[in-house]
Amino acid sequence: MSPSHRLYLIRHGEVANPNHVVYGHLPGFHLSPNGVLQAQGTAHHLTDTEIEVVISSPLARAVETASVIARRHGIEPTIDERATESHQFLHWTGHRWDSIPRLFPGELEAYLEDASRVGNDETLADVAARITAAVDDAVVDGFRTIGVVSHQDPIQATRLALTGRDLGELRDDPPAHAEVVTLIREGSGAWREHARWAPTVPVG
């Protein structure tokens with residue numbers, strides 16, 4: 001019988017971003033104090049859970065989250081460019097969120113209406129496909145329990161794609177900061193969502 005697999009899709013913790021900038025792939029954006037607590041809470045939640053490999057986006061906020069989780073399991077995160085932030089709207093990067101409707105009329109509205117149909121630099125399907133490829137490679141390498149630490153849209157897109165849901169549901173109940181979405185697969189069957197868990201950290 002083929003082995004079962006368990007996949008933990010994990011969004012990074014909250015980021016220090018007092019100016020509400022679209023930080024995307026910009027360097028220098030790290031976890032906020034709350035984000036650190038969230039990462040620690042998630043690591044604690046997963047302490048008694050077997051995780052053989054933790055794949056992380058190369059961006060600082062994800063690496064910081066992944067490192068806390070991986071250390072609980074005596075491993076280091078595996079940095080994989082395929083787990084990075086979405087490239088859908090690279091030209092938004094560096095602008096304040098509240099300036100996007102004025103600078104790029106209609107784009108934010110279209111994204112919020114159905115993000116699966118828009119994107120100048122990468123589609124949601126592309127995002128889900130590259131993370132799925134990283135997961136598939138980990139399975140081929142013999143890992144049965146896999147963590148992936150990435151970003152809100154990549155985690156949600158991968159979750160939807162692997163469970164056979166429409167990518168148009170991207171904005172429907174997306175993962176919170178440091179939330180864990182657990183998928184399981186028996187043998188060569190389809191992935192199915194098994195559980196969700198998010199840390200509760202007071203703000204202020």
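The values are calculated or read from the model by the stated rules, or taken from the named source; none is laboratory data. What you see is a predicted model; the values in this text were computed from it and never measured. Reconstructed Cβ throughout: ideal geometry from the backbone, glycine too, with neighbour counts over all protein chains shown. Heads up: the accessible areas ignore ligands, DNA and RNA and are worked out on the full protein's heavy atoms, side chains in. Shrake-Rupley method; radii C 1.70, N 1.55, O 1.52, S 1.80 Å.
For the stretch 16-137, the share of accessible area belonging to carbon and sulfur comes to 55 percent (1.4 Å probe, ligands and nucleic acids excluded). Summary of the geometry: the stretch 11-60 and the stretch 158-204, compared by the centres of their Cα atoms, lie 16 Å apart. Per-residue accessible area (protein heavy atoms, 1.4 Å probe) orders GLU122, GLU193 as GLU193, GLU122, starting from the largest. Only one residue of ILE146, GLY168, THR47 has its Cα farthest out toward the positive end of the dipole of the chain, where Lys and Arg carry +1 and Asp and Glu -1 on Cβ, and that residue is THR47. Assuming charge only on the beta carbon of Lys and Arg (+1) and of Asp and Glu (-1), the dipole of the chain about its Cα centre is about 380 debye to the nearest 20. For the residues ARG61, ARG11, ARG165, a GNM of the chain with alpha-carbon springs under 10 Å puts the largest fluctuation on ARG165. A 1.4 Å probe, protein heavy atoms only, puts the accessible area of TYR8 near 10 Å². Springs join every pair of Cα atoms under 10 Å in this Gaussian network model of the chain, and among VAL63, VAL127, VAL140 the largest mean-square fluctuation is at VAL140.
Here the relative contact order of the chain, from alpha carbon pairs under 8 Å that lie six or more residues apart, stands at 33 percent. Candidate values [x] 56, 36, 26; [y] 59, 41, 35; [z] 51, 40, 25 were compared with Cα extents along the principal axes in Å computed on the shown model; the agreeing label is [x]. Think of a 1.4 Å ball rolled over the protein heavy atoms: the stretch 1-80 then has 45 Å² of accessible area per residue. Here the extension length gained between ALA110 and ASP137 equals 6.4 nm, from 0.36 nm per residue of separation less the Cα-Cα distance.
Our estimate of slack between SER67 and HIS45, defined as 0.36 nm per intervening residue step minus the Cα-Cα distance, is 6.5 nm.
Stretching the chain fully between GLU76 and ASN120 yields a gain of 12.4 nm (0.36 nm per residue, less the alpha carbon separation). Dividing the summed helix terms, -39500 (n - 2.57) for each DSSP H run of n ≥ 4, by the number of residues in the chain produces a 222 nm estimate of -9500 deg cm²/dmol to the nearest 500. Protection proxy ranking, highest mean first, for peptides 186-192, 45-51, 32-38: 32-38, 45-51, 186-192, where packing is the per-residue count of other beta-carbon atoms within 10 Å, averaged.
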